[in-house]
Amino acid sequence: MLTVWNRSPAPKLAIVSFSVCGALSVTLSSLSPSFVTLLTGPVAWSLYLLALALIARTTTEKLYIQRLEKQYRNRHRAACRAAINGVLIIGLLALWIDQLQTLLLSLTAVMVALVIATKELIMCAGGAALRIGGHLFRVGDRIEIHGLRGEVIDHGLFSTTLQELPPVGSGHRGTGRTFVLPNSVFLLDAVKLEPTPRRYAPHGFALTLHPSVSVRAALDAVQEIVADATMRDAERAERFHRLVSARAGCEDCGPTPSIAVRTNERGGAVLHVNLYCLVEEASNLETAITFAFLEEMERNAMGEHSSDRLTRTADALRRHAAGATYVDEEMAASERGSFRAA
């Protein structure tokens, strides 16, 4: 029995542990409360756990691993270390769970405040990602967004710079002003990509007719004027239309001009003209067609007025001749009556 007592380390460890605990209890009772709190706090218990884990690993290595055969030592050593580390991690989590919850709540509050403070910047970065990933436009394209129309001259992570363009139908030259848009607007509104001035695109406008103008005559006149105005670029417009349709996989208006008759709120006739022409020439074509149509209507009106005047003059002459004949007959009858009386 004495031999077993001397060889077994367990009784010796128990005696040492009891001795240490007794000494600690006596020492703690004689210390100040603040120092006692420090020694019994999470930091102290974490140090105790680390020390116990180190002692356990060392004891296991000397008392258990070294007694195994060489081919089993590495596997058992790894298993023991994993078990000790798992117990250590669980113990540390149990000690620091309250502090970890407080830390996580603080980090959550900080992240929420950071997101709220940088919301616009995050949306701008998202708009830039949408522009790049969706291939919305590039420098030199003409776009319309949120009621603003302009040509893209620069773009970055947070903003896009446009050169302002006049309203549709008022020309294609820049106004000289530039405005900067935050990229967040790309997430909130649709982007309209306009064709460049050197491309063919549909262009529509309306001609309102006077109530006295014949709709059939006006329609024939406009068809003739539009055909003459678009004859020069008809072949190129058709080729470009085929190319764009094949690339896009769908067809848009064109390339043949179309004219439709509609009515407005007052019941008057309106001719809607739709052309397929160069973007930079659309305004000039509209002006030329409108001017030619007005001239044609003016000539027709003058011709009608002239014929009306001739008709009225002929009627007046006939009435005058009829009146003169009647007067002559009346005068002759009165003269015959006077002669009989005499």
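For the residues Ala113, Ala218, Ala206, Ala128, the requirement of being part of a helix (DSSP H, G or I) and in the same structural domain as Ala269 (by TED's automatic domain parsing) singles out Ala218. Cβ-Cβ contacts under 6 Å between residues 6 or more apart (or on different chains), taken from a first residue in the range 233-247 that is closer than 13 Å to Leu275 by Cβ to a second residue that is in a helix (DSSP H, G or I) and hydroxyl-bearing (Ser, Thr, Tyr), are absent.
Filtering the range 285-316 down to residues that are modelled with pLDDT under 80 and β-branched (Val, Ile, Thr), which residue is nearest to the chain's Cα centre (by Cα)?
Thr311
So, in the range 152-190, how many residues would count as being in contact with an Asp or Glu (Cβ under 8 Å, 6 or more places away or on another chain), within 30 Å of Thr256 (Cβ to Cβ) and surrounded by 13 or more Cβ atoms within 10 Å (Cβ to Cβ)? Counting residues in the range 152-190 that are in contact with an Asp or Glu (Cβ under 8 Å, 6 or more places away or on another chain), within 30 Å of Thr256 (Cβ to Cβ) and surrounded by 13 or more Cβ atoms within 10 Å (Cβ to Cβ) gives 2. Of the residues that make up the range 132-142, is at least one surrounded by 11 or more Cβ atoms within 10 Å (Cβ to Cβ), in the same structural domain as Ser184 (by TED's automatic domain parsing), in a helix (DSSP H, G or I) and of a type in the set (A, V, I, L, M, F, W, C)? Yes: one or more hits.
Whether any residue in the range 189-208 is hydrophobic (A, V, I, L, M, F, W, C), within 15 Å of Gly147 (Cα to Cα) and modelled with pLDDT under 85 is what I want to check.
Taking the range 189-208 and keeping what is hydrophobic (A, V, I, L, M, F, W, C), we get 190-191, 193, 201, 205-207.
Next, only the ones that are within 15 Å of Gly147 (Cα to Cα) stay: 190-191, 193.
After this cut, where a residue has to be modelled with pLDDT under 85 as well, the list is 193.
Yes: the range 189-208 contains one or more residues that are hydrophobic (A, V, I, L, M, F, W, C), within 15 Å of Gly147 (Cα to Cα) and modelled with pLDDT under 85.
How about the range 84-102: which of its residues are in contact with a helix residue (DSSP H, G or I) (Cβ under 9 Å, 6 or more places away or on another chain) and without any contact (Cβ under 8 Å) to a residue 24 or more places away in the chain?
Leu93, Asp98, Leu100
The values are calculated or read from the model by the stated rules, or taken from the named source; none is laboratory data. If you're wondering where the values come from, they're calculated on a predicted model, not measured in any experiment. No Cβ is skipped: glycine too gets one built from the backbone with ideal geometry, and neighbour counts run over all protein chains shown.
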